[in-house]
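Read the structure below first, then the notes.
The values are calculated or read from the model by the stated rules, or taken from the named source; none is laboratory data. Here the structure is a predicted model, which is why all the values come from computation and not from measurement. We place every Cβ from the backbone using ideal geometry, glycine too, and count neighbours over all the protein chains shown. The accessibility values were calculated without ligands, DNA or RNA, using every heavy atom of the protein model including side chains. Shrake-Rupley method; radii C 1.70, N 1.55, O 1.52, S 1.80 Å.
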Amino acid sequence: MISTGAGKECFEISPRFRQAIEARIARLEADAAADEAQVASLMDVDHIRRQMRLVVAQRQEAVRMKSFLDRTRTRPAAPMIGV
């Protein structure tokens with residue numbers, strides 16, 4: 001397989017956007033843990049399977065977002081302009 005090096009590209013993001021992504025990762029991980037805990041109370045095998053698919057999807061999205069953040073650097077905050 002030929003690699004173009006695009007996977008090593010570094011993005012610059014604002015501190016506010018980084019905080020939003022980090023908050024989303026935390027929510028995904030918390031939701032995955034809560035959804036996985038619900039499995040113990042489920043009776044239907046199909047419902048359990050769907051619940052676990054949801055947990056896997058949440059965790060995969062959190063990993064994908066962490067990977068994105070690993071390829072970014074935070075842009076310095078713009079200086080405040082006095083009025």
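Here are a few things to note about the model shown:
- For first residues located in the stretch 57-68 and in contact (Cβ under 8 Å) with a residue 24 or more places away in the chain and within 19 Å of ASP35 (Cα to Cα), partners that are in a helix (DSSP H, G or I) and open to solvent by 60 Å² or more (accessible area, probe 1.4 Å) and lie 6+ apart or on another chain with Cβ distances below 6 Å form the pairs GLN58/ASP31; ALA62/GLU29.
- Evaluation of ILE13 against (1) in contact with a helix residue (DSSP H, G or I) (Cβ under 9 Å, 6 or more places away or on another chain); (2) modelled with pLDDT of 95 or more (one fails), failing number: (2)
- Per-region count, the stretch 58-83, residues assigned to a helix (DSSP H, G or I) and within 16 Å of ARG16 (Cβ to Cβ): 3
- Count - residues of the stretch 9-30 that are without any contact (Cβ under 8 Å) to a residue 60 or more places away in the chain and either open to solvent by 70 Å² or more (accessible area, probe 1.4 Å) or in contact with a strand residue (DSSP E or B) (Cβ under 7 Å, 6 or more places away or on another chain) (or both): 8
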